[in-house]
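Have a look at the structure below before the remarks.
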Amino acid sequence: MTDEIVVSTDGSALGNPNGPMGWAWADHAKNAGAGNMPGHEHDEHGYDAGGATNGTNQIGELCAVLMVLRAHPGSEPLLIESDSQYAINCSTTWVNGWKRNGWKNSQKKPVKNVELIKAIDAEISRRPGPVKFKWVKGHAGNAGNELVDELARTYAGDCRSGARDGYLPIEGWQSLLGSEYAKGTDVPADVQLVLDGKADADTLVPPAAQHTESRSRSVADLLAEPEGVPDYPSQQQEDKPSQPSTQPSSSSDVASKSGTATSDKPTSPNESASPSDAGLPTSTAAPSASTPASGLTVSGSLRFSPAPKTSPYYNGQPMPITGFIRVEGFVDGDGNMTLEAAPFVRG
């Protein structure tokens, strides 16, 4: 008998409805992708996540289900675990009545998120293997559910901060932009080309290496490869007038989502309001041994995104790290600064 594939899914909207939205799925089997196990047509990480600057939990939940089906298209039995009764009913029960009624609901109104629901129905219909759904209680200690919840919320937060671009199946973009929550949505340029009929939807699926390496990598994955960290110029090079300061930019930089900075050195009331005049950093150069101390200290808690536990290789232990956080902004009179997606570079 063919082994059953079990996958957890989730969707999240921060401030639902119409907050930044995320979706995610994760295999229960470890290292099943990249040809290691039949039926897993995805990379070796065994999970995927995406989101947008706007959306709802329901759109996120449906995106996760659709992406699971496309990542597991074979003849193996597929069990999708979800804490969304809405997503399960859309995929199994309600869809039959909606098809009979011309995609109208019981109030004779168009079905919401119809593009996603039609795509899910088509994927299930064409899949050689059976598809089952299992409802699980959310936020109740289910390991798979907790993981995809974290992945979805992390991507939603990264969309809000601008750390990552929106990533949805094209049907997800169509459902979102056709909804009442479309206003203000950041639509990536390649998505807009598809929506305008100038490109094919297949171009929206990022290559496995590109997506998992530059968008969905966890802190654990990033810190495992020091060669991936951009080099900084020496302090001597940075001080040369003829040499512009190097500002490395990498989509795989770890982003700190929030934190508080405090200073034990008062700010002069005569200082200008501009960041440069206030003595705030304008260069990404890492401090060197010759760099004089500023007299400032920073305290508070930081949250790294994506979280280490989103990596399939996370061993459950705290991870020691050493690096630098670029800080540029304003400090209030009490010495406080709120960080938003500040790049972290391993040092």
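Take each of the peptides 96-106, 115-125, average the number of other beta-carbon atoms within 10 Å over its residues, and list them starting from the highest.
115-125, 96-106
With each pseudo-label sitting 7 Å past Cα toward Cβ, what's the E44-D186 distance in nm, one decimal?
3.2 nm
All other residues with a Cβ under 14 Å from the Cβ of S82 taken together, and with Lys, Arg as +1 and Asp, Glu as -1, what is their net charge?
Result for the local shell: -3.
Measuring from label point to label point, each 7 Å out along Cα→Cβ, what is the W94 to K134 span in nm?
2.4 nm
Could you go through the stretch 121-131 in sequence order and give the Karplus-derived ³J(HN,Hα) for each residue, using 6.51 cos²θ - 1.76 cosθ + 1.60 with θ = phi - 60°, rounded to whole Hz, and x for Gly and Pro?
So the J values, rounded to whole Hz, are 4, 5, 5, 5, 5, 8, 6, x, x, x, 10.
Would you please put 66-72, 19-25 in order of how densely packed they are, using the mean number of other Cβ atoms within 10 angstrom per residue and starting with the highest?
19-25, 66-72
Which of the peptides 303-309, 33-39 is most tightly packed, and how do the rest follow, going by the mean number of other Cβ atoms within 10 Å of each residue?
Final packing ranking: 303-309, 33-39.
Taking a virtual spin label 7 Å from the Cα of S125 along the C-beta vector, which residues in the stretch 77-103 bring their backbone nitrogen under 17 Å of it?
Residues 90-103 qualify, since their backbone N sits under 17 Å from the label point.
Quick one: net charge around D3, please, counting Lys, Arg +1 and Asp, Glu -1 for every other residue with C-beta under 15 Å from its C-beta.
It works out to a net charge of -1.
Scan around A13 for amide H atoms under 5 Å from its own, H built in the peptide plane at 1.01 Å from N, and keep only partners 5 or more places away or cross-chain.
When sequence neighbours closer than 5 places are left aside, the close amide H contacts are G22, N57.
For W23, what charge total do you get from the other residues with a beta carbon under 9 Å from its beta carbon, if Lys and Arg give +1 and Asp and Glu give -1?
-3
What Kirkwood hydrodynamic radius do you get for the stretch 5-216 when you take the inverse of the mean 1/r over all pairs of distinct Cα atoms, in Å?
Evaluated over the stretch 5-216, this radius sits at 17.1 Å.
Kirkwood Rh and Cα-based Rg: tell me the resulting Rg over Rh for the stretch 38-82, rounded to two decimals.
1.00
Give me the one-decimal nm value for the distance between modelled label points at E328 and D200, 7 Å along each residue's Cα-to-Cβ direction.
Label-label distance for E328 and D200, simple model: 4.0 nm.
For a label point 7 angstrom out from the Cα of D3 toward its Cβ, which stretches of the stretch 29-60 have the backbone nitrogen within less than 20 Å?
Residues passing the 20 Å test: 29-48.
FYI, it's all coordinate maths here, none of it is from the lab. A quick note: this is a predicted structure, and the numbers were derived from the prediction, not measured. For neighbour counting, all protein chains shown are included, and Cβ atoms are generated from backbone atoms with ideal geometry for every residue, glycine included.
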